[in-house]
Amino acid sequence: MTTSTIVVGLDGGEAGNRALAFATTQAKLIGDCTLKIVYVIEWSPFSFQTSEENAERHKRREEELSMARERIMEPAVKAATEMGLSVDGIVKHGDVSDILDDIAKKNNALQIVVGRVGLRGLKERMFGGVTGRLAVASSVPVTIIP
Amino acid sequence: MNKFLTTGLGAAAASVLPAIASAQEAAGLDQRINDIFAGSTGWFVNLIFAPLPFEVAGSSFPWIVLWLVVGATIFTFYFGFIQFKAFGHAISLVKGDYSDPDDAGEVSHFQALTTALSGTVGLGNIAGVAVAVGIGGPGATFWMILAGLLGMASKFTECTLGVKYRNEYPDGTVSGGPMYYMTKGFKERGLPLGGFLAIVFSIFTIGGALGGGNMFQANQAHAQISGIVGDFPGWITGVVFAVVVFAVIVGGIKSIAQVTEKVVPFMGILYVAAALVILIVEYDKIGWAFGQIWEGAFTGLGVAGGFVGALIQGFKRAAFSNEAGVGSAAIAHSAVRTKEPVTEGVVSLLEPFIDTVVICTMTALVITISGVLVMDPATGNFMLNEAGTSIKTIDGSSGVQLTSAAFATGFSWFPYVLAVAVVLFAFSTMISWSYYGLKAWTYLVGEGKTKEIVFKVIFCFFIIVGAAANLGAVIDFSDAMIFAMAVVNITALYFLMPIVKREMKSYFDRLKSGELKKFVD
């Protein structure tokens, strides 16, 4: 059982890979450290859906989860494990910054590591992206990798 | 997708092209559809709306109205006024306080509720209320609110059962609704005829989907559009609607449905906001309007049929607007992810509240305050139109145009917004009901791509019929079919309500003992 934890957020792209690389280095330096690699599928319980979408939701959810595990999580977990680290991969639906912070809190994580992505769309320009919100609301230190 | 789309469009074009050839012929087509429609549905309408053999206060009382109200009242007492006791709990369920975070990504209570609402909030709240108030006077509003409050218990009953007895298929999709609780629930209680009720219910649901969920919508949307751009044949609106609905439900063009699903809630909020602004500006008349509603509820204020006329109109329109006891909501709510069927029943009781008690009352207040209904200053009673069937209005309009005229007294540009809202509401209601109808259809004929497409094409065809038929014939048929669903559904609910009571007791006991906890701090 390791004593310290670092939470890494993936986004399925380059920024997530940079975050993972940084966190891997940190974890090795610490030595006794578990990596919690997290991928969040953006989803809100307060969106509007049609009856047909609702009826198929469970099926779609399973598909989304298995696709994310297969394409994003498994390669990341494999790469980190090969570096000799203790790794835990988590795929979830919800709000990215909320979930990263939740997991960090629950595991008493040292820090959250995320990659910086440019702001996309009007909403993010007005309210800030995931990294911005995380930096503002997080209960543990956040490292943002440019 | 494209193949269906083009052949569908081709067929639609082929059938209307000859009609376009001459305007005279086109008007004739309108009239012909209308005649065939009124002629072939009249007997059924008469059966459903047959009056009770005795008269109440000198006016006839359709048995079906009594059926719905008695049902809702029995459920209200049987479940110990669940609609008031569980109201606060319903709100915390919708907020997600009791949702397991591990179920994130599944259908939430909020989503099940809003999906069901998008099927019920619509023309019933705009046009239906105008019809009720136009015939029954402001007093109809009182009975509408009462029916809405009682109806919350009916919704609770049917939606709990809908979730409890839904089918979950190996591929992860779900199908639920009265046809499933009729078969499975009756079997569980060792009762006969569950399968028979399910079949009858499915037939009526298909009728309701084509009537209230389709033709009534198309008809009122056309009335609103032609009120703005000038009169033109109804089938033109019908064909346009049919093509768009066809593109969504057969062509699978999700983007149109998604846009609608996002715009419709905003339209609903805009509608309520506009009504609120008018009420705030005319705040000094609100007391008077409630006085009219109260007085009219028991005297009728001179409307046709007196206070019973007001009562019948109020009850009828409330039932048509919030669909409590009809069974349609049980189909919509059954997709939610929950281990406790009662939770969805509790959430669903918010539906008649939002739909009828809030939105319908807003419309009724605006119509009453705006003064579009003509009063005799000497007696304080309403003046009737020449036929003596409904209240005289300042511009002779009825239905959605009456609401439009009422809102126009506050904002002159409102009819344009209302036209857009009506079109979108009509559209989203059609999409919802095409799903309800489809579920009933596949229950009857079995699942399968071809079978589904047959129904969807029939559905689109009826949009054209609905837009072309005149309002009276369409409303009568819509009402008849929706109420026929309620006859079968409420019958089944009577037999199954002990199951709901057991579930309810067990759930609230565990909630009280702390076994069921909130997931949020």
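Which order do you get for B:293, B:199 if you rank them by accessible area with a 1.4 Å probe, largest at the top?
My answer, sorted largest first, is B:199, B:293.
Using a 1.4 Å probe and counting only protein heavy atoms, arrange A:29, B:150 so the residue with the most accessible area comes first.
So, going from the largest accessible area down, we get A:29, B:150.
Normalising by the residue count of the stretch B:59-209, find the relative contact order in percent from Cα pairs under 8 Å and 6+ residues apart.
With pairs under 8 Å counted, the relative contact order is 20 percent.
What does the buried accessible surface come to for B and A, summed over both chains, with the probe at 1.4 Å? Round to 100 Å².
In total, chains B and A hide about 2300 Å² from solvent.
If I histogram all Cα-Cα distances within the stretch B:198-308 using bins 10 Å wide from 0, what percent of pairs lands in each bin?
11, 20, 30, 25, 13, 1
Ignoring any ligand, DNA or RNA, what whole percent of the accessible area of the protein assembly as shown comes from carbon and sulfur when the probe is 1.4 angstrom?
64 percent
Taking the inverse of the average 1/r across all pairs of different Cα atoms in the stretch B:416-521, what Kirkwood radius in Å do you get?
Its Kirkwood hydrodynamic radius stands at 18.0 Å.
Using the alpha-carbon centroid of each, what span in Å lies between the stretch B:133-177 and the stretch B:263-296?
Result: 24 Å between the Cα centres.
To the nearest 10 square angstrom, what accessible area does residue B:285 show with a 1.4 Å probe?
Looks like 80 Å² after rounding.
At 20 angstrom or more along the helix axis (alpha-carbon based) and mean Kyte-Doolittle of -1.0 or higher, what helices does chain A contain? Whole DSSP H runs only.
Passing helices, by number: A:14-30.
What residues have an amide H closer than 5 Å to that of residue B:99, excluding those fewer than 5 places away on the same chain, when H is modeled at 1.01 Å from N in the peptide plane?
So residue B:99 has HN proximity to B:519.
Enumerate the helices in chain B for which the Kyte-Doolittle hydropathy averages -1.0 or more and the C-alpha atoms extend at least 30 Å along the helix's axis, using complete DSSP H runs.
Long hydrophobic helices here: B:23-48, B:139-164, B:254-281, B:414-445, B:471-513.
Where in the stretch B:29-133 are there chymotrypsin sites (Phe, Trp or Tyr not before Pro) that are in a DSSP coil and have at most 16 other Cβ atoms within 10 angstrom of their Cβ?
Sites meeting the loop and neighbour criteria: B:54, B:81.
Where the only charges are on Cβ atoms (+1 Lys, Arg; -1 Asp, Glu), what is the dipole of the protein assembly as shown about its Cα centre, to the nearest 20 debye?
1000 debye
Peptide B:107-114: average number of partner chain Cβ atoms within 10 Å per residue?
Mean partner-chain Cβ count within 10 Å for B:107-114: 5.
For residue B:295, what accessible area in Å² do you get when you roll a 1.4 Å probe over the heavy atoms of the protein chains, rounding to the nearest 10?
90 Å²
If you line up the Cα atoms of the protein assembly as shown on their principal axes, what length do they span on each, largest first, in Å?
91, 63, 57
Counting only other chains, and only Cβ atoms inside 10 Å, what mean value do you get across the residues of A:92-100?
2
Less than 24 Å apart at the alpha-carbon level, and either on another chain or at least 8 residues along: which lysines does that give for residue B:501?
B:85, B:155, B:164, B:184, B:187, B:339, B:512, B:517, B:518
What Kirkwood hydrodynamic radius, in Å, does the stretch B:2-513 give when the mean of 1/r is taken over all pairs of distinct Cα atoms and then inverted?
23.1 Å
Based on alpha-carbon centroids, what's the gap between the stretch B:483-521 and the stretch B:197-243 in Å, whole number please?
Between the Cα centres of the stretch B:483-521 and the stretch B:197-243 lies a distance of 34 Å.
Using only the Cα atoms of the stretch B:259-351, what semi-axes does the equivalent ellipsoid have when each is the square root of 5 times a gyration tensor eigenvalue? Give whole Å, largest first.
33, 22, 12
Report the local net charge at residue B:329: Lys and Arg +1, Asp and Glu -1, summed over other residues whose C-beta lies under 14 Å from its C-beta.
Neighbour charge sum, excluding residue B:329 itself: -2.
How are the C-alpha pair distances of chain A spread across 10 Å bins, as whole percents from the shortest bin up?
11, 40, 33, 13, 2, 0
So which residues of the stretch A:48-72 lose at least 30 Å² of accessible area, probe 1.4 Å, when you go from the chain by itself to every protein chain present?
At a threshold of 30 Å² (probe 1.4 Å), the residues of the stretch A:48-72 that become less exposed are A:48, A:49, A:50, A:51, A:52, A:53, A:54, A:55, A:57, A:58, A:59, A:61.
Take the alpha-carbon centre of the stretch B:342-418, take the same for the stretch A:49-122, and report the distance between them in whole Å.
Between the Cα centre of the stretch B:342-418 and that of the stretch A:49-122, the gap is 50 Å.
Taking each residue in A:83-89, count the Cβ atoms of any other chain within 10 Å of its Cβ, then average. What number comes out?
0
If you roll a 1.4 Å probe over the heavy atoms of the protein chains, what accessible area per residue do you get for chain A, in Å²?
It amounts to 53 Å² per residue over chain A.
The values are calculated or read from the model by the stated rules, or taken from the named source; none is laboratory data. Given the structure is predicted, the values throughout are model-derived calculations rather than measurements. Every residue, glycine as well, gets a Cβ built from its backbone with ideal geometry; the counts of neighbours run over all protein chains shown. The area values use the complete protein model at the heavy-atom level, side chains included, leaving out ligands, DNA and RNA. Shrake-Rupley method; radii C 1.70, N 1.55, O 1.52, S 1.80 Å.
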